[in-house]
């Protein structure tokens, strides 16, 4: 067995141990998906950005910058302004509303808020996301 395989096996064992010891913390879907809504705003913001900027920031943006040139800086500026605006203008209200409607996802929130019995809103919002 080579060193890379050994490191991979040790890593998998570590993940299994973490899963075993933290198994009891998640009792509901809300605990699993949203950490029971107990995380603070900074942890939530960093988690959202880690999810939102992963492959796009590392692959697509450099490719666009190479293709388009310095003009691609406007995308970065627009993204920074848009993300900041969404944090300050939408995030807190959305959190309160999703708790009010007992929703875990945006499609579920829209479905419950607008009483969509035909599931059209849920379908389109899931497709867009």
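At a glance:
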{"item": "Failed criterion for residue 92 (all others in (1) in a helix (DSSP H, G or I); (2) on the phi > 0 side of the Ramachandran plot hold)", "result": "(2)"}
{"item": "Residue in segment 2-19 that is exposed (fewer than 10 other Cβ atoms within 10 Å of the Cβ) and not in a helix (DSSP H, G or I) present", "result": "yes"}
{"item": "Residue 49 being touching a residue at least 40 places away in the same chain (Cβ under 8 Å), within 30 Å of residue 84 (Cα to Cα) and surrounded by 10 or more Cβ atoms within 10 Å (Cβ to Cβ)", "result": "no"}
{"item": "Filter pass, residue 97 being at pLDDT 90 or above, in a helix (DSSP H, G or I), in the same structural domain as residue 107 (by TED's automatic domain parsing) and surrounded by 10 or more Cβ atoms within 10 Å (Cβ to Cβ)", "result": "yes"}
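The values are calculated or read from the model by the stated rules, or taken from the named source; none is laboratory data. As the structure is a computational prediction, the values presented were derived from the model and not from experiment. Quick reminder, even Gly has a Cβ in these numbers, built from the backbone with ideal geometry, and neighbours come from all protein chains shown.
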